[in-house]
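Novice: Mind having a look at this structure? Questions to follow.
The values are calculated or read from the model by the stated rules, or taken from the named source; none is laboratory data. Model, not experiment: these values are computed from the prediction. A quick note on method: Cβ atoms are made from the backbone with ideal geometry, for glycine too, and the neighbour counts reach across all protein chains shown. Note: accessible area is taken over every heavy atom of the protein model, side chains too, but ligands, DNA and RNA are not part of it. Shrake-Rupley method; radii C 1.70, N 1.55, O 1.52, S 1.80 Å.
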Amino acid sequence: MIDLDYMAGLVPVILRFVPLTFGMAVGSMIGALVLAAVLAVIRVLRIPVAHQAAGVFISFFRGTPLLVQLFLFYYGLPQAIPAFVAIDGVTAAMLGLTLHFAAYMAESLRGAILGVARDQWEAARAVGMTEGQTMRRIILPQAARVFAPTMVNYFVDILKSTSLAFTLGVTEMMGAAQKEAAGSFRYLESFLVVAIIYWIMVEVLSRVQAWLERRTERRATGGTRA
Amino acid sequence: MSGRCGASLAGLTKRFGETTVLRGIDLCVEPGECVAVIGPSGTGKSTLLRCWNFLERAQAGRVQIGDLSVDAAAATRAEVLAMRRRTSFVFQSYALFANKTARQNIAEGLTVVRGMPQAQADARAMSILRDIGLADRADAYPSNLSGGQQQRIGIARAMALDADLMLLDEPTSALDPEWVGEVLALMRRVAEAGQTMVVVTHEMQFAREIANRVVFMDGGVIVEEGPPERIFSDPTDPRTRAFLQRVL
Ligand SMILES: Nc1ncnc2c1ncn2[C@@H]1O[C@H](COP(=O)(O)OP(=O)(O)O)[C@@H](O)[C@H]1O
Ligand SMILES: [Mg+2]
């Protein structure tokens, strides 16, 4: 019923697209992290106007489906902004993933920042640091430590979500499998191969996360530090 | 309230919502003086210190250090920063930077705020650590230090800034009894080195032996102040007498 030889033959074909999938995920992750940090700091410091704008941004990107957002960027935006006519699927997908996950990460990073003890803020101000210095030197590094294990969760989410790029005509892992299946009519085998490859990648990441969590815990309880 | 004071508060009034915590505080600290502030808890002692470096914003009054005198209620962001940079603060809870080692805690203000080169700041931090007998803990994080060690680093962080005014808010109150002695000894050294300081404390021994002046606060006002010998042996106000009877 399942053609194992076909599957085995397909593995190297799909694996060729792992770098693209991974690259899109890493790129989106970095973009989302930077944007999330900016949004979270704006929210925590309640910077006028920017604070409200960040709120609307976060609400929109959390409140609408990622697929709808991707279609908006790829098919919708060129109609309104001519510069976007030239946008390719990979760029549109990464833009969408970045904005979407920045909105989620901003909220959880904000939580991590607010979780830093009040006296850390006061101690930094008392030595004469500006709000920016306080944030950069004292608060964000402590929030990041708490946020690190969660960050792996977001990366896993982003990695899996890159498969949606296939709906924008990008031939990544999912797109490649779809093409193979369309030629051979072996849908089960093709999508099973994709699923297993995603699964293995996510499993590896989970191990990394478990290791990160153990390390954070050790630090929190005052063990030896790097 | 000008001229002779190294640092002063004038007419300082602070409310939290409906409750008035400070009711027009006037206090003048001479350069090199060590002033001990005593009084029942909930009286506004911490708030007084925290208004001086703008961790709290008062509703009225003036705050002065050296040639800088600002309206406590209307101080601009730049004035707040300038006032903070003329003070150092020691917290009851130590409040060491949790993401920094002992050495980094001391050097941080020097590099980030004073713009001192890293190597020079590290050298200064190490020299202070050696001086207070904690050189071997230079690379330890706060979570690996005892309470007494943390508070000594807290004081060292303040010492490094070489501020015009050092504010200390009950620096020994959170300590296990075994660590109180070493922290008091360091505070004595700082005072004897001529650092201008205002210390809120429950350690009457410290107030009596080290302070040049004792200020007794109750209900958001300064009830009585004077040299320790007089305050402790001959308090004039009945509230001071009652308080001292309770704590001595
Ligand atoms: N952030 C705050 N918000 C509301 N009330 C406060 C705050 N800080 C202090 N208070 C109140 O102000 C009063 C004086 O507090 P504090 O200055 O800490 O007194 P002390 O240091 O003499 O014990 C207390 O009644 C306290 O509950
Ligand atoms: Mg207090």
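Novice: How many residues does the range A:54-91 contain that are free of Cβ contacts under 8 Å to residues at least 60 places away in the same chain and open to solvent by less than 60 Å² (accessible area, probe 1.4 Å)?
Specialist: 13
Novice: Sticking with this structure for a sec: Working carefully through the options B:T87, B:T47, find the one that is within 16 Å of ligand 2 (Cβ to nearest atom) and either crowded, with 19+ Cβ neighbours inside 10 Å or more than 8 Å from every other protein chain (Cβ to nearest Cβ) (or both). If you could, list the steps in order and put the result at the bottom.
Specialist: Numbers: B:T87 fails: within 16 Å of ligand 2 (Cβ to nearest atom).
Result of the check over B:T87, B:T47: B:T47.
Novice: Which helices (runs of 4 or more DSSP H) sit wholly inside the range A:1-70 and have at least 3 residues that are closer than 27 Å to A:Q142 by Cβ and out of contact with any strand residue (DSSP E or B) (no Cβ under 6 Å at 6 or more places or on another chain)? Break it down stepwise before answering.
Specialist: Details: elements: A:4-15, A:18-45, A:50-63.
So the answer is A:18-45, A:50-63.
Novice: Considering every residue within the range B:126-146, establish whether at least one is within 16 Å of ligand 2 (Cβ to nearest atom) and of a type outside the set (V, I, T).
Specialist: No, the conditions are met nowhere in the range B:126-146.
Novice: Could you tell me which residue of the range B:28-72 is farthest from ligand 1 (Cβ to nearest atom), considering only residues that are part of a helix (DSSP H, G or I) and of a type in the set (K, R)?
Specialist: Per the stated criteria, the residue is B:R50.
Novice: Now a separate question. Has the range A:164-173 got any residue that is within 14 Å of another protein chain (Cβ to nearest Cβ) and either in a loop (DSSP other than H, G, I, E, B) or under 30 Å from B:A78 (Cα atoms) (or both)?
Specialist: Within the range A:164-173, the subset within 14 Å of another protein chain (Cβ to nearest Cβ) is none.
No.
Novice: Only one residue in B:Q149, B:Q120, B:Q195 is away from ligand 1 (no atom under 16 Å from the Cβ), assigned to a loop (DSSP other than H, G, I, E, B) and at negative phi, so which one is that?
Specialist: Values: B:Q149 fails: assigned to a loop (DSSP other than H, G, I, E, B); B:Q120 fails: assigned to a loop (DSSP other than H, G, I, E, B).
So the residue among B:Q149, B:Q120, B:Q195 that is away from ligand 1 (no atom under 16 Å from the Cβ), assigned to a loop (DSSP other than H, G, I, E, B) and at negative phi is B:Q195.
Novice: Going by what's in this entry, would A:M129 be described as within 21 Å of A:A165 (Cα to Cα) and modelled with pLDDT of 95 or more?
Specialist: In short, no.
Novice: A further question follows. Pick from the range B:50-68 the residues that are within 16 Å of ligand 2 (Cβ to nearest atom) and either without any contact (Cβ under 8 Å) to a residue 24 or more places away in the chain or under 15 Å from B:M197 (Cβ atoms) (or both): which of them is surrounded by the fewest Cβ atoms within 10 Å (Cβ to Cβ)?
Specialist: B:N53
Novice: Looking at the range B:102-117 only, could you name the residues that are at the interface with chain A (Cβ under 9 Å from one of its Cβ atoms) and either small (G, A, S) or part of a loop (DSSP other than H, G, I, E, B) (or both)?
Specialist: B:G109, B:R114
Novice: Step by step: first the residues of the range B:152-191, then only those that are away from chain A (no Cβ under 13 Å), within 16 Å of ligand 1 (Cβ to nearest atom) and not β-branched (V, I, T), then the one that is surrounded by the fewest Cβ atoms within 10 Å (Cβ to Cβ). Which residue is that?
Specialist: Out of the qualifying residues, it is B:S173.
Novice: Now a separate question. So in the range A:113-153, with the set limited to residues that are hydroxyl-bearing (S, T, Y) and surrounded by fewer than 20 Cβ atoms within 10 Å (Cβ to Cβ), which one is farthest from the other protein chains (Cβ to nearest Cβ)? Don't jump to the end; show me each part of the working.
Specialist: Our first condition is that a residue be hydroxyl-bearing (S, T, Y); within the range A:113-153, this holds for A:130, A:134, A:150.
With the extra rule that they be surrounded by fewer than 20 Cβ atoms within 10 Å (Cβ to Cβ), the set shrinks to A:130, A:150.
Working: A:T130: 7, A:T150: 18 Å.
My answer is A:T150.
Novice: Could you check the range B:1-27 and list, in sequence order, the residues that are within 14 Å of ligand 1 (Cβ to nearest atom), charged (D, E, K, R) and surrounded by 14 or more Cβ atoms within 10 Å (Cβ to Cβ)?
Specialist: Answer for the range B:1-27, where residues must be within 14 Å of ligand 1 (Cβ to nearest atom), charged (D, E, K, R) and surrounded by 14 or more Cβ atoms within 10 Å (Cβ to Cβ): B:K14, B:R15, B:R23.
Novice: Give the residue that is farthest from ligand 1 (Cβ to nearest atom), with candidates limited to residues of the range B:73-92 that are in a loop (DSSP other than H, G, I, E, B) and free of Cβ contacts under 8 Å to residues at least 12 places away in the same chain.
Specialist: Among them, the one singled out is B:T76.
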